[in-house]
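**Q** Input: one structure, supplied below.
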Amino acid sequence: MQKSDSQKIKVLLLTGQSNQWHNWKVSSQALQAAVGGDGMFEVDTLVSPAAGGDFSGFAPAWSDYDVVLLDYEGDRWPEECRAAFVRYMEEGGGLVSFHASDNAFPDWPEFNEMIGVGGWGGRDESSGPKVRWRKGSMVLDPGPGEAMHPEPFEYLVETRSPEHPVMQGLPEAWLHAIDEQYSQLRGPAQNLTVLATAIAGPEIDKGTGENEPMLMAIEYGKGRIFHTTLGHVGADDTETPPAMKCVGFLETLFRGLEWAATGAVTRPVPADFPGTDFPSVR
Ligand SMILES: [Zn+2]
């Protein structure tokens with residue numbers, strides 16, 4: 001699928017801050033290497049000012065890109081920057097929200113509409129419902145409960161929208177390499193399609209026993225958003241962890257980027273895509 005540079009999908013990888021639990025330097029390097037090395041994408045990495053830094057000149061050229069890959073949780077962007085990003089998305093831009101980026105901007109309504117659901121940052125019942133998958137369909141649950149996750153473990157990711165371009169041809173279930181499993185994310189959850197879920201049974205500490213959304217697709221204006229909750233990199237991690245080397249994580253990320261950028265997915269399922277018996281890492 002090697003393309004000439006002019007045909008490649010232009011990706012803006014936006015990073016530069018993470019919360020105390022994550023290491024954006026490791027995760028963004030892994031994203032840059034994986035996405036940039038795939039052949040389908042051309043990646044520019046933009047590192048924001050550090051926490052508390054001067055954002056007055058922070059004005060990414062959104063419309064130069066087919067899709068924005070967000071690996072950022074930190075300071076609020078300036079008003080003009082946020083407004084320009086909302087405009088970019090309304091007019092047909094693409095966004096991929098990676099792991100803890102859905103912790104970002106709890107008080108920015110448009111961002112929360114884009115990501116569908118998010119966690120932490122004070123998100124509670126007032127932020128919107130939890131997204132559940134029960135008896136074969138999505139259920140919005142307004143009941144109490146705030147974001148959490150069990151200790152990282154290997155878990156099955158189950159396809160819930162096999163006809164969606166991102167999921168077409170992927171197995172019904174695959175074993176994800178050891179990772180956090182976000183649960184009880186909450187938000188507006190409008191125009192949201194649950195692509196894949198995972199479950200932590202009540203026998204696991206902090207397991208909800210619910211099918212929690214792991215991969216989601218959201219439409220915002222004319223824009224498309226792929227939301228992957230996978231890919232935890234701990235604050236003390238110095239190397240790319242298995243969660244980000246997992247072929248299931250990587251291929252769904254690539255497909256999500258292509259879909260968010262173009263509305264279609266042309267990628268074949270790679271031969272090393274995991275099955276249900278053991279994880280597959282690159
Ligand atoms: Zn994490």
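**Q** Determine the percent antiparallel among the DSSP beta bridges restricted to the chain, to the nearest 5.
**A** Just about 60 percent of them are antiparallel.
**Q** Also, I was wondering about something else. Which one, PRO241, PRO78, PRO171, has the greatest fluctuation when you compute a Gaussian network model over the chain with C-alpha springs under 10 angstrom?
**A** PRO78
**Q** Mind jotting down the distance between the C-alpha centroids of region 176-251 and region 110-144, whole Å?
**A** Each part's Cα centre sits 13 Å from the other's.
**Q** Here is a further query. Sorted by accessible area with a 1.4 angstrom probe, largest first, how do LYS25, LYS130 fall?
**A** Most to least solvent-accessible, the answer reads LYS25, LYS130.
**Q** Please work out whether the chain counts as rounded, prolate or oblate from its C-alpha gyration tensor, where a ≥ b ≥ c are the square roots of the eigenvalues and a/c under 1.5 means rounded, while otherwise a/b larger than b/c means prolate and anything else oblate?
**A** rounded
**Q** Let me ask something additional. Pick out which of VAL67, VAL166, VAL269 has the largest mean-square fluctuation in a Gaussian network model of the chain, springs linking Cα atoms closer than 10 Å.
**A** Among VAL67, VAL166, VAL269, the largest mean-square fluctuation in the Gaussian network model of the chain belongs to VAL269.
**Q** Additional query: I need the calculated FRET efficiency for the pair LEU46 and ALA271, taking r as the beta carbon distance and R₀ as 41 Å, to the nearest 0.05.
**A** The calculated FRET efficiency here is 0.75.
**Q** Okay, which of region 168-184 sit inside 15 Å, backbone N to the point 7 Å along the Cα-Cβ direction of TRP21?
**A** 179-184
**Q** Here's something else I'd like to know. Could you work out [θ]222 nm for the chain from helices alone, using -39500 (n - 2.57) per DSSP H run of at least four and dividing by all its residues? Round to the nearest 500 deg cm²/dmol.
**A** -6000 deg cm²/dmol
**Q** Can you pull the percent of region 5-262's accessible area that's carbon plus sulfur, 1.4 Å probe, other chains left in place?
**A** 46
**Q** On a 25 Å Cα-Cα criterion, which of the cross-link pairs LYS222/LYS245; LYS135/LYS222; LYS10/LYS130; LYS25/LYS222; LYS25/LYS130; LYS10/LYS245 come out too long?
**A** Checking Cα-Cα distances, LYS222/LYS245; LYS135/LYS222; LYS10/LYS130; LYS25/LYS222; LYS25/LYS130 exceed 25 Å.
**Q** Go through 217-225, 81-89, 145-153, 97-105 and give me the packing order, highest mean Cβ count within 10 Å leading.
**A** 97-105, 217-225, 81-89, 145-153
**Q** Can you give the relative contact order of the chain as a percent, counting alpha carbon pairs under 8 Å and 6+ residues apart?
**A** Computed over the chain, the figure is 20 percent.
**Q** Also, quick follow-up: Given the Cα-Cα distance of GLU239 and THR262 and 0.36 nm per residue of separation, how much length would full extension add, in nm?
**A** Contour length minus Cα-Cα distance gives 5.1 nm.
The values are calculated or read from the model by the stated rules, or taken from the named source; none is laboratory data. Quantities reported herein were computed from a predicted structural model and do not represent experimental measurements. So basically every Cβ, Gly included, is an ideal-geometry build from the backbone, and we count neighbours across all protein chains shown. Just so you know, the surface numbers come from the protein's heavy atoms only, side chains and all, with ligands and any DNA or RNA stripped out. Shrake-Rupley method; radii C 1.70, N 1.55, O 1.52, S 1.80 Å.
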